[in-house]
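The values are calculated or read from the model by the stated rules, or taken from the named source; none is laboratory data. This structure is a prediction, so every number in the text was calculated from the model and none was measured. Counting neighbours? That spans all protein chains shown, and the Cβs are built from the backbone with ideal geometry, glycine included. When the accessible area is computed, the model is the full protein with side chains, heavy atoms only, and any ligands, DNA or RNA have been set aside. Shrake-Rupley method; radii C 1.70, N 1.55, O 1.52, S 1.80 Å.
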Amino acid sequence: MAKRRREVEEVVNDDLTPRKTRRSAIKDISATASSPVSHAETPSGRKGILRGTPTKANGTASADPTPKSLRKVLFSTPAKHGQDEGDEETPTATRNDRSARRKSQRTLQKQVADGEESEEEEDARDEAVAAAILGEAGSDIDDDNDAIQVAEPSSAPDTPSKSGKPRGRPKGRRRERTPSPPPDLPPHELYFFQNRAGGNKTSANTLASNLLLTHEDYYAQVTAYEDPHEQDVKRLQQLHERGFEQWRFELEEGFNLCLYGYGSKRALVMEFAEHVYAQVGERGKPGIVIVNGYTPGVGIREVLTALGGVLLPKGVKMPAQPAAMEDMLLSALAEAPPKQPLLLIIHSLDHPNLRKPATQATIARLAAKPGLNLLATCDTPHFPLLWDTSLTRHLHFLYHDTTTFQPYRAEFDVVEDVNALLGRSGRRLGGKDGVGYVLKSLPENARNLFRILVAEQLVVADSEGDAATIPAYDDSDIDADAEAILGDSDEEAAANQQSTPSRRGRGRPAKKPAKAKSASLTKPVVSAPQGVEYRTLYHKAVEEFVCSSELNFRTLLKEFHDHQMVESRKDAGGTERLVVPFRREELEGLLEELV
Amino acid sequence: MSSSQRSDLQSDAVSSHKGFKVLGLHGGRHIEKAGRPGEASALDNINSATVGEISSFLDEAGHNQETSRIPAGIIIAGPSAPHTSLATQLAKHENDSDSNRIFVTLSSGSGSHLKAILKTLIQKATSRQSALDDETDEVQTTKQKSTKLLSYDLQLLHDFVTERHLQQVVVTIDDTEAFDSDLLSELIELFGYWRNRIPFVLLLNLATSVDFLQQRLTQAAVKCLSGRLFDVAPSSDVLEQVLDAVTSSDAPSYLGPIVMGAALERQSDYIQSIDGFVDALQYAYMSNFYANPLSLFLKPTLVREEVPDDHFEALRTTNSFRAWARRLLDKNRATEVKKVLQDNGALFDLARRGIGDGRATLNGMMLAVTVVRTLQQSLPNTFVSRKSSLYVQAMSGKLAGSAMLRALHLTVRKVPSDTAVKILQSVLALSIEDRALSECADVATELDELVRAQAEAGKPLRSEEDIRNSTLRTTVHAQKVELSKHKTSLSQQDKDFTALLRRFTDILTRFFSETLVNPKTLLFNEIFVYDLRSPHREVFTPRPRHAIERALASPHDYLDCECCAPDAEEREEATLAATQPGTAILYQLYLESGSLINASDLWQAFQAVMGEEREEGQTRALFQRALAELRALGMVKSTRKRVDHIAKVAWRGL
């Protein structure tokens, strides 16, 4: 049934007609009702303009001069006229024909036949009936309905969004839908609740890019931050430190250790390494090799080389291939095991650097040797999935929960990670300073070109910022703008935004003044162009004698591209635009340095 | 809730460290090390027969080189494959005998195509010995000067083999099933082509069946092989052997039902290889001897002066000691209790005695278990219980009155004389020096006489309870069916036999009731029965996901700070507080959201929780850090579906 209905809908849509599924039903009713034409207006109809939907075409086609309720246009039957004419005939015949497809086809044909004929309005009763029918017709229709009423950019009042301006539809018309799930759902139910079709509605707010700190800002803030839990975290670590003797004993007995739990275990493990080293064994100090698995670029080769440096006699040349290195180490361990087992400490064994199956297998084979003790830390919750049974057996792990709550200072590059997570240009080199550094090493011409580019970009941003169409990095504009961009595709966003975390009653009342929406509403749907057009820049460059030919120009640009100082984007018209991916303040700073 | 959970969380750590502090680490180690050899030798012996067979197979294959087919040993290891212990045993076995063969182990990870596999094969085969003896190196280099060979050319191996005069190249394939069947077939065919030059021998480890292997190989490959089948002891048998070793009469301490049950369950459900079980046992012993200071008393040569005073205090606080004192007081033997309470020397003697008695009792219990199994084995149509399950039942004190034992009694009473003789013989063969069972010998001799007297009759004696000696009669009386049991008249011999059987079962009943006691009632069972679930479970079956989720969802459980403590009244509402670590706050917000999260809204919510008074830059830094941590923990990932959205990846508690 539902599928059939969808089909009908599609067919109707294709023909640029107001879709409605239950049209035939309505039609039948209206046919018998022989109602007078009424021109009921709903104020919300105005908003229909926003949507470039077929309904509009229909509305204009109608000879009726009055602006019509969009809603009614949507659900009215365009073929009513014809139906009226055939009133004397037996409508029952049509009614008895239950095939929805045939019905829709018939309507379509009629519509074509009727051509430009104006459609008529139903009276209030018809509308009520239609609404009643539609009420049970399924949620997708409802959603459309809502979205049309509130095509205005808005965020539903129940989202935590702080910039909640008093906008959106009038309170009275809002359908009550609880944003938060019913309490105490079992985990699987919660999963299905949060993944239900159409259930995942988020607001279209965008994160102002100046919200994300740069490296230096972040570093400054984090060093200034005083953790209120410092004492507790310290105590937690002390508690784990009391396990050192136990761990040492377990290692001595031939087990390997795996530490898991939330928080950086780096400090704890280093402490343990010192503890072990401080214990003077009967056979001398144990060798300790520490691998920082989180360091970018660390691979199995580095691990093996480090081990080789300790295990192999001096002057022995390691082979180049990891497999050969491993064989060499294994045979060295088998033939001349160290007097004290070597302690291999691997921070973040489950880091993506070391996650390759071959790497894990190599480590496992090494760890299986009695001459080598492995102490590994794992950060992710799913790390046991890295190992199959044979690896697990080789690794011979005893697991300890060492939740430390210490921040992952060395392990994660917070700023880059977040940039990558949010799809910001994550790979730009070290911020503004990095760019300055690169520019210093480039020839004069290149520096000039970059200066022109930055200056132009700022000019463009300024001029378009005045027109309020550019996504200038201003908080208030952003969401309005984004709404305009996304409004079309995500009508449902406006309706219900349950899934963003609620503020648990700590919310502040929305106090931003209402903003004039008109400007943003008339904006073009496409993203406002950003950056400088390729051609423009080229001409500018030629004017300033930076370069003489396009080839020359391209060579200069290539350098910038290589350092990710410039990104090239295509705008809606297909013209290439060059963008320096920095915030306004940074751009200004750069320009100052360059001039 | 949280404080109790917290203490529970930390208790194992604390309790195990108490051991280190109190016990000066003396004594325990010797016993522990002494307890291990039995286990280890049992492990060594497990597959010695199979290993011997395989190596003789290799020798045989070495002698007749003429066959064009590759000799292939197909080792059915069952689900415990890849059986590394077998490979190592084989290698060890080979090291002892000086034969001219090299072993190369290939696994499915060695390469995904023929070239790669051959490369690893050659690399492994040729590099292994060049590292060992270097006098032949020159030969190798000079000889290879002439032509440059590709690294996957078997000619390399051939040269190597001829140089070293190797008799065999044994290629072991660990996980045959994991190999791509085409690749395996190609490899075998290629070996077949080189068979006249390189003396290959294949050892295939199979987890499934030979039929399956044959299906997967091409016909040409199958034709190249001449296989021989070897069976590896199934892991359950190995487990029984290990258990035998552990519960042998000189075991210093026993594992309780909880630990053993957990280890056995894990063994049968999740891991099949015996190594895991051995680890579990080892860890249990380690925990007992290092975390339990009282295990000092298990040292055979312990003298009074070696024991620090606080150990005696600890002894007096044990539950079993208290129960013992209560029992004595009930019997009005207060002086004894008083003496032990006041005098450490007396307590020392008591402890030594108690431990000795307790261990003897447990030893008797193990014998009882053996008797039960012997009975089951000699009775026809009886299911023989596994020793492991009987052990767990016995140690938890549930075997004594169990239905299984009762059924066993009834069956014994019904047996005819020939079976009875067998049963008695097998029980006597156990040569158990137990008062109760010693009477069995009398029963046996009497039975022998009876049977001899009956021998002429040619049919065995039947006891009264035997079904064949009673008939059921149904009579229809006044339209009702009456069921009556009728005993057939018994001969005098039968009656004597019945009496004997009764005597035997009575002896058994007495024996079982004496030996099968609940270990928890033994004095000082805390010392020689180790049964703590706590460190064992966390150490072997961690729940890292749960730990992280808990740390983030209720950080108070770990941090135990005042600021984040949830109020008793409004527990649900108060879980989110500005004082909590940033990641924890963000995680809880994250839990509430759907599968797509708007980063901006998340930020707003985060900021709202953190409060206005904090400087915004600070909050931003915390937000950023929390977001990065969530990402690194694999909770969120970036999505292209919508701008500035992140996708939720993990649901709590799933």
Report task. Identify the single condition in (1) within 45 Å of the chain's Cα centre (by Cα); (2) more than 10 Å from chain B (Cβ to nearest Cβ) that A:GLN279 does not satisfy, given that it satisfies every other one. Result -> (1)
Report task. Select from segment B:278-307 the residues that are within 12 Å of chain A (Cβ to nearest Cβ) and among the hydroxyl-bearing types (Ser, Thr, Tyr) and write down the one among them that is surrounded by the most Cβ atoms within 10 Å (Cβ to Cβ). Result -> B:TYR285
Requested in this report: Say whether the condition of being within 27 Å of B:ASP279 (Cα to Cα) and within 14 Å of another protein chain (Cβ to nearest Cβ) is met by at least one residue in segment A:319-326.
Outcome: yes
Query - Residue check, B:GLU526 out of contact with any Phe, Trp or Tyr (no Cβ under 6 Å at 6 or more places or on another chain), more than 8 Å from every other protein chain (Cβ to nearest Cβ) and buried (at least 19 other Cβ atoms within 10 Å of the Cβ) - result: yes
Query raised in the report: Going through segment B:612-630 one residue at a time, which ones are over 18 Å from A:GLU230 (Cβ atoms) and open to solvent by 20 Å² or more (accessible area, probe 1.4 Å)?
Result: B:GLU612, B:GLU613, B:GLU615, B:GLU616, B:ARG620
Report summary line: B:VAL649 meets each of (1) in contact with a strand residue (DSSP E or B) (Cβ under 6 Å, 6 or more places away or on another chain); (2) free of Cβ contacts under 8 Å to residues at least 40 places away in the same chain; (3) at the interface with chain A (Cβ under 7 Å from one of its Cβ atoms) with one exception, condition (3)
Query raised in the report: Out of all the residues in segment B:238-247, is one or more hydroxyl-bearing (Ser, Thr, Tyr) and either in contact with a Pro (Cβ under 9 Å, 6 or more places away or on another chain) or open to solvent by 20 Å² or more (accessible area, probe 1.4 Å) (or both)?
Result: no
**Report entry** Residue that is farthest from A:PHE412 (Cα to Cα) [pool: residues in segment B:598-639 that are basic (Lys, Arg) and more than 7 Å from chain A (Cβ to nearest Cβ)]
**Finding:** B:ARG614
Query - Residue in segment B:581-597 that is surrounded by the most Cβ atoms within 10 Å (Cβ to Cβ), counting only those that are in contact with a Phe, Trp or Tyr (Cβ under 8 Å, 6 or more places away or on another chain) and facing chain A (nearest Cβ under 7 Å) - result: B:PRO581
Query raised in the report: Is it the case that segment A:333-345 has a residue that's within 9 Å of chain B (Cβ to nearest Cβ), in contact with a Ser or Thr (Cβ under 9 Å, 6 or more places away or on another chain) and open to solvent by less than 40 Å² (accessible area, probe 1.4 Å)?
Result: no
Report summary line: Picked from segment B:255-277 (must be modelled with pLDDT under 85, touching a Ser or Thr at 6+ places or on another chain (Cβ under 8 Å) and under 29 Å from B:LYS299 (Cα atoms)), the residue most open to solvent (accessible area, probe 1.4 Å) is B:ASP275
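Yes/no per residue for (1) surrounded by fewer than 16 Cβ atoms within 10 Å (Cβ to Cβ); (2) part of a helix (DSSP H, G or I); (3) at pLDDT 70 or above; (4) of a type in the set (D, E, K, R):
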residue	(1), (2), (3), (4)
B:SER56	yes, yes, yes, no
B:ALA72	no, no, yes, no
B:GLN89	no, yes, no, no
B:VAL104	no, no, yes, no
B:GLY109	yes, yes, yes, no
B:ARG128	yes, yes, no, yes
B:THR142	yes, yes, no, no
Report task. Could you pull out every one of the helices (runs of 4 or more DSSP H) wholly within segment B:429-544 that has 1 or more residues that are modelled with pLDDT under 70? Result -> B:435-454
Query raised in the report: Which members of segment B:321-353 meet the condition of being open to solvent by less than 10 Å² (accessible area, probe 1.4 Å) and within 16 Å of B:LYS520 (Cβ to Cβ)?
Result: B:PHE321
Report task. Test B:ALA605 against the criterion of being crowded, with 20+ Cβ neighbours inside 10 Å, over 49 Å from the mean Cα position of the chain (by Cα) and of a type in the set (A, V, I, L, M), and give yes or no. Result -> yes
Query raised in the report: What pairs can you find where one residue is in segment A:319-343 and within 19 Å of B:GLN123 (Cα to Cα), the other is open to solvent by 30 Å² or more (accessible area, probe 1.4 Å) and among the acidic types (Asp, Glu), and their Cβ atoms are less than 9 Å apart, with a gap of 6+ or different chains?
Result: A:PRO319/A:ASP327
Report task. Quickly run through segment A:225-245 and pick out the residues that are at the interface with chain B (Cβ under 7 Å from one of its Cβ atoms) and free of Cβ contacts under 8 Å to residues at least 12 places away in the same chain. Result -> A:TYR225, A:PRO228, A:LEU239, A:ARG242, A:GLU245
Query - Total residues in segment B:369-387, condition outside any loop (DSSP other than H, G, I, E, B) and open to solvent by 10 Å² or more (accessible area, probe 1.4 Å) - result: 6
Report summary line: Flagged pairs (Cβ under 6 angstrom, 6 or more apart or on separate chains; first in segment B:224-248, closer than 13 Å to B:GLN267 by Cβ; second open to solvent by 20 Å² or more (accessible area, probe 1.4 Å) and basic (Lys, Arg)) are B:GLU240/B:LYS387; B:LEU243/B:LYS387
